[in-house]
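For reference, the structure discussed in these notes is given below.
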Amino acid sequence: MIGTVPPLSIFIIALNEADRIGRTIEAARALSDDIVVVDSGSTDGTQAVAEALGARVIFNAWPGYGQQKRFAEEQCSHDWLLNLDADEVLPPDLVAEIATLFVSGKPPADAYRIRIAEIFPGEKAPHRFAYALAPVRLYRKSWGRYSPSPVHDRVDLRPGTKVGRLKGTIHHFSVRSLGEQMDKLNAYSDAQADDLDARGETLSAFRLVAEFPANFIKAYIGRRHALRGVYGFMTAMNYAFYRYLRAAKHWERRLQRRSSVKDAARADNRRSSDG
C-alpha cells in the first residue's frame, strides 16, 4: 500500500480509448492526485470513463504526437510528470517502485527510463522475449519536455540531467486487432510522410524495394516476433507493410509534385504561344 501520494502528475493523451483507459487510470491513480487526460475528440465515451475515475479531462484538437504531449505537460500541476499512453498499464511492482522514489521527498535522479514491453492479444503479461523500449517517461518538467515533433515521441532533456532507470516494466496492450493496428499504422505513415516533406528529406527509390523485406526481418528476427507464434508473424508483416507505406507515400507525393510542375510549365508555354 502507498501512504502519502507522491507530488506527481500523470498525463495521458487519448482518442476513442473507452475500452482501455479505465484500466490504465485505475492502475496508476494511487500514485497521483493529478491525473490529466487530454482528449482530441473521442466519440465513444472516453471522457466519461476518465472523469468517473477522477481524472481531469481537457479537450485539445489533435496537433501531432509531440505537440499534444507538450500541451498535456502544461496542464499538469506538479513538476514531476509520468506519461502513459491509454493502452499502457502499470503493474503493482512498478507502482510501488515509483512510490518508493518519493519516500524521502526527492528522487535521486531528475528523469527515469522505464521499460515498456508489448503484450499481444491473448497474453496476460509480457512474453519472456517480448520486444521492449526504455524511453524516459518519468521526469521533472523543469528538466525535460516532450519534443514538439509531430511523429517522434521522446522527452528532450536539458544537458546535465541525471537519468536513472527503473526495474519495473510498463505493460503495453498495443494491439486490439490486426485490422485496428493496420489502420493506426496507415495513419502514422501519413504523418511520417508529412514530416519527411516538412524537413525536406528525400528517401531513395531503393527504399521502395528494401523497406518491406528489411523491416520484416527487423521485426520478426530483431524484435523476436518469431518467438511469439502466429500472432508474431502477422504483426511483423503489418510492421513491414507500414514501413513500406511510409516510403511509398513519400514517393507518390514526389511524383505528384513533379507532375504538377510539368503541367504548370506546359500551361505557361501555351500562354506564351497564344500571346
Of the residues in segment 156-197, those that are without any contact (Cβ under 8 Å) to a residue 40 or more places away in the chain and small (Gly, Ala, Ser) come to GLY160, GLY179, ALA187
Screening ALA99, ALA125 for residues that are of a type in the set (A, V, I, L, M, F, W, C) and over 16 Å from VAL5 (Cβ atoms) leaves only ALA125
In segment 111-145, residues that are at pLDDT 90 or above and touching a His at 6+ places or on another chain (Cβ under 7 Å) total 4
If you go through TRP80, TRP62, the only one that is surrounded by 21 or more Cβ atoms within 10 Å (Cβ to Cβ) and aromatic (Phe, Trp, Tyr) is TRP80
Residue count, segment 85-125, condition more than 20 Å from GLY22 (Cβ to Cβ), free of Cβ contacts under 8 Å to residues at least 24 places away in the same chain and either of a type in the set (D, E, K, R) or in contact with a Ser or Thr (Cβ under 6 Å, 6 or more places away or on another chain) (or both), comes to 1
Only unsatisfied item for SER177, checking (1) over 15 Å from GLN68 (Cα atoms); (2) buried (at least 17 other Cβ atoms within 10 Å of the Cβ), is (2)
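To keep it simple, each residue is scored yes or no on (1) among the hydroxyl-bearing types (Ser, Thr, Tyr); (2) touching a Pro at 6+ places or on another chain (Cβ under 7 Å); (3) exposed (fewer than 15 other Cβ atoms within 10 Å of the Cβ).
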{"site": "TYR188", "(1), (2), (3)": "yes, no, no"}
{"site": "GLN192", "(1), (2), (3)": "no, no, no"}
{"site": "GLU211", "(1), (2), (3)": "no, no, no"}
{"site": "ILE221", "(1), (2), (3)": "no, no, yes"}
{"site": "ASN238", "(1), (2), (3)": "no, no, no"}
{"site": "HIS250", "(1), (2), (3)": "no, no, no"}
{"site": "SER260", "(1), (2), (3)": "yes, no, yes"}
{"site": "ARG271", "(1), (2), (3)": "no, no, yes"}
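One line per residue, one yes/no per condition, for (1) modelled with pLDDT of 90 or more; (2) of a type in the set (Asp, Glu); (3) not assigned by TED's automatic domain parsing to the domain that holds PHE120:
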{"residue": "HIS152", "(1), (2), (3)": "no, no, no"}
{"residue": "ARG158", "(1), (2), (3)": "yes, no, no"}
{"residue": "LYS184", "(1), (2), (3)": "no, no, yes"}
{"residue": "ILE221", "(1), (2), (3)": "yes, no, yes"}
{"residue": "GLY232", "(1), (2), (3)": "yes, no, yes"}
{"residue": "THR235", "(1), (2), (3)": "yes, no, yes"}
{"residue": "TYR242", "(1), (2), (3)": "yes, no, yes"}
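Checking the conditions here, which among THR161, THR169 is of a type in the set (S, T, N, Q) and part of a strand (DSSP E or B)?
Numbers: THR161 fails: part of a strand (DSSP E or B).
Just one listed residue meets the conditions, THR169.
The values are calculated or read from the model by the stated rules, or taken from the named source; none is laboratory data. No experiment lies behind these values; they were computed from the predicted model shown. Cβ: placed from backbone, ideal geometry, glycine included. Neighbour counts: every protein chain shown.
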